Amino acid sequence: MKLANLSDSFEINQAGHLAIGGVDTLKLAQKYGTPLIAYDVSKIKSKIKHFKQAFIDAEVPYRVVYASKAFSAMAMYQLVAQEGLGCDVVSGGELYTALKGGMPPERIEFHGNNKLPSELEMAVDAKIGCIVVDNFQEIEFLDAILQKKETSISVVLRVAPGIEAETHKYISTGQENSKFGFDVHSGQSEKALKQLIENPRMNVKGIHCHIGSQIFSAKGFVMAVEKMVSLLNEWHEKYAFEAEVLNLGGGFGTRYTEQDKPLPPEAFAEKIIAAVKRKVADLGLKMPEIWIEPGRSLAGEAAATLYTVGSRKDVEGVCHFVSVDGGMGDNIRPALYQAKYEAWLANKPQALQEQIVTVVGKYCESGDILVRDAPLPITHPGDILAIPSTGAYGYTMASNYNRNPRPAVVFCENGVDKLIIRRETYEDMLGCDLGL
Ligand SMILES: Cc1ncc(COP(=O)(O)O)c(C=O)c1O
Ligand SMILES: N[C@@H](CCCC[NH3+])C(=O)O
């Protein structure tokens, strides 16, 4: 039996309940129902501020680009645009949502290993800031579109620098055998650069790499800087290529459980900036604008998902299952990456944790486990259970498996809550289902 150690993931209000952005989680559950993803907006703003401050203090040109696959919703694009950020998109759907959310097109960059011609056309028509070119087929598709429309666009060349990030293999992307980007080692990236430089319709702004996601230390980023700036130097000597932009991707880790100890945002940024400054000075190159693309580190820790406790199954001496009204449909990460989370009882977060349970969802899969070995007070049906750090890759990877509707999402700040995505209805799920 032990007392909960809530760290700083939650506030506890005067009623002794968990609160998010100054709003009582029990009130949120009552008002909007569960499962509910509740963001503390001030946490997103604070992460943005810390990333930006490192660049401001170092007096280097920069851009913070929100990787919107982490949480793509009109309100989120509005928020990050207001905070001065750009965003990346990886599909026509994200681009559409970003534009609808009011993100200025010139601040949008388009990523992806298989951008469809229709998506490229949409990006060209919207006059977005740049396309991060990923492969030779894409250069062909894009060129045909630009020729047809008699126009041009800025591009950034994505390279796979051959660096293995210390993370889950499914979310490691910088290594040679990655499906993303032009490989450096085999000479693909140089061949691509020549094609782009020779193309009058493509203005090559710079180069990009992204080594992976949920990375805790700056080591891999510093290695990436070394490799990328050396590449720029080589290409400067051979082709007089001068990069305006050096985009080092995202992947900055966040805290899910007390075991996770990532560097704070500003420390990641400071180490990257120092490495770029050092290498650029050593090689006598012009300082490029440094871009980073944080996704998870802006959105992840800012939200918790609230669930209602339902049934229970005890297998004495084996395990105790506590079921909630959501699960792998709103958070696939435990099933997909064996991701670990914590669970707290929103109505009595400080009660003695008298049991160790497995928190499971309501989906028809044995792998529908949200939290293994969760220490919790004794739970009862109707209790509200909160899982923190679900703000990234939760809603965006949600599904309608078993025809469960996707949850609602609410933004909370200074004690005020605002519904930003309403709960899906059964009728919504039938929206595309035409029957016989
Ligand atoms: C190109 C690119 N940039 C940025 C990100 C954002 O990663 P994260 O959410 O880990 O910061 C990703 C996803 O891994 C990505 O593929
Ligand atoms: N969806 C993954 C991260 C993938 C990052 C996208 N390149 C996660 O939840 O951890």
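The values are calculated or read from the model by the stated rules, or taken from the named source; none is laboratory data. Because the structure is a prediction, the values reported are computed rather than measured. A quick note on method: Cβ atoms are made from the backbone with ideal geometry, for glycine too, and the neighbour counts reach across all protein chains shown.
Show me the helices (runs of 4 or more DSSP H) entirely contained within the range 1-107 in which 3 or more residues are of a type in the set (S, T, N, Q).
Details: elements: 25-32, 41-58, 74-82, 92-100.
Once the helices (runs of 4 or more DSSP H) in the range 1-107 are filtered for at least 3 residues that are of a type in the set (S, T, N, Q), what remains is 41-58.
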Considering only residues that are touching a helix residue (DSSP H, G or I) at 6+ places or on another chain (Cβ under 9 Å) and not in a loop (DSSP other than H, G, I, E, B), look in the range 312-338 and name the one that is nearest to Tyr395 (Cα to Cα). Arg333
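Conditions tested, residue by residue: (1) over 22 Å from Ser154 (Cβ atoms); (2) surrounded by fewer than 20 Cβ atoms within 10 Å (Cβ to Cβ); (3) in contact with a helix residue (DSSP H, G or I) (Cβ under 7 Å, 6 or more places away or on another chain).
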| site | (1), (2), (3) |
| --- | --- |
| Phe221 | yes, no, yes |
| Val229 | no, no, yes |
| Leu232 | no, no, no |
| Ala240 | no, yes, no |
| Leu246 | no, no, yes |
| Phe252 | yes, no, yes |
| Thr257 | yes, yes, no |
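Kindly indicate the residue of the range 246-271 that is hydroxyl-bearing (Ser, Thr, Tyr) and within 14 Å of ligand 1 (Cβ to nearest atom) and also nearest to Ile48 (Cα to Cα) among those meeting that condition.
Let us first name the residues in the range 246-271 that are hydroxyl-bearing (Ser, Thr, Tyr), namely 254, 256-257.
Add one more test, that the residue is within 14 Å of ligand 1 (Cβ to nearest atom), and what stays is 254, 256.
Details: Thr254: 14, Tyr256: 19 Å.
Once the filter is applied, the top-ranked residue is Thr254.
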Among (1) touching a residue at least 24 places away in the same chain (Cβ under 8 Å); (2) over 24 Å from Phe51 (Cα atoms) - the single one Gly93 does not satisfy: (1)
Can we say Lys271 is surrounded by fewer than 24 Cβ atoms within 10 Å (Cβ to Cβ) and either within 16 Å of ligand 2 (Cβ to nearest atom) or over 30 Å from Thr358 (Cβ atoms) (or both)? yes
Report the residue count in the range 148-195 for those that are touching a strand residue (DSSP E or B) at 6+ places or on another chain (Cβ under 6 Å), closer than 23 Å to Ser118 by Cβ and at pLDDT below 90. 0
Candidate set: the range 282-330, residues that are within 16 Å of ligand 2 (Cβ to nearest atom) and among the β-branched types (Val, Ile, Thr); chosen: the one nearest to Lys45 (Cα to Cα): Ile292
